[in-house]
Amino acid sequence: MTKNNDKSYNEEIVYINPIIKKIYGHTRFLEGCGSCRDSDGNYVTGVIDRPYKIEIEYYDVSGKNHNKVIEDFESTIFCHEYDHLNGILHMDRIKDSFLMTLE
């Protein structure tokens, strides 16, 4: 973290009952997930299409309602985790998967 110069970076942001209100654009990233491993511990990995930018609505830990625009890789991460809330794994979205070690 000492090398992180982005002062807006915060791992403690909590999104309660998030809703994706609008999606914009298109991006493609290689995704894996700790929930999707084989018996040897390899990660099921593949390229997934996601929106480049999203508008979301959510509540914080104080119960205050927020609207926010997220884009680029942060949008991909949010959509990945949002899928989990809806019972969807990244494997459900991969066209061609392969196994990858953590190394």
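Laid out as a table, the results:
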quantity	calculated
Pairwise FRET efficiency - N86 versus L30, Cβ, R0 = 22 Å, nearest 0.05	0.50
Angle in degrees between helix 73-85 and the longest Cα principal axis of the chain, rounded to the nearest 10	80 degrees
Those trypsin sites (Lys or Arg not before Pro) in region 26-87 that DSSP places in a loop and that have at most 14 other beta carbons within 10 Å	K64
(i) 15.2; (ii) 13.4; (iii) 16.4, with the label sought being that of the calculated Kirkwood radius over Cα pairs in Å	(i)
Length gained when the stretch Y59-I19 is fully extended (0.36 nm per residue, less Cα-Cα span)	13.4 nm
Sites matching chymotrypsin sites (Phe, Trp or Tyr not before Pro) across the chain that sit in DSSP coil, with at most 16 neighbouring C-beta atoms within 10 Å	Y9, Y52
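No value in this document is a laboratory result; all are computed from the given coordinates. Fair warning: this is a prediction, and the values are worked out from it, not measured in the lab. Don't worry about glycine lacking a Cβ; one is built from the backbone with ideal geometry, like all the others, and counts go over all protein chains shown.
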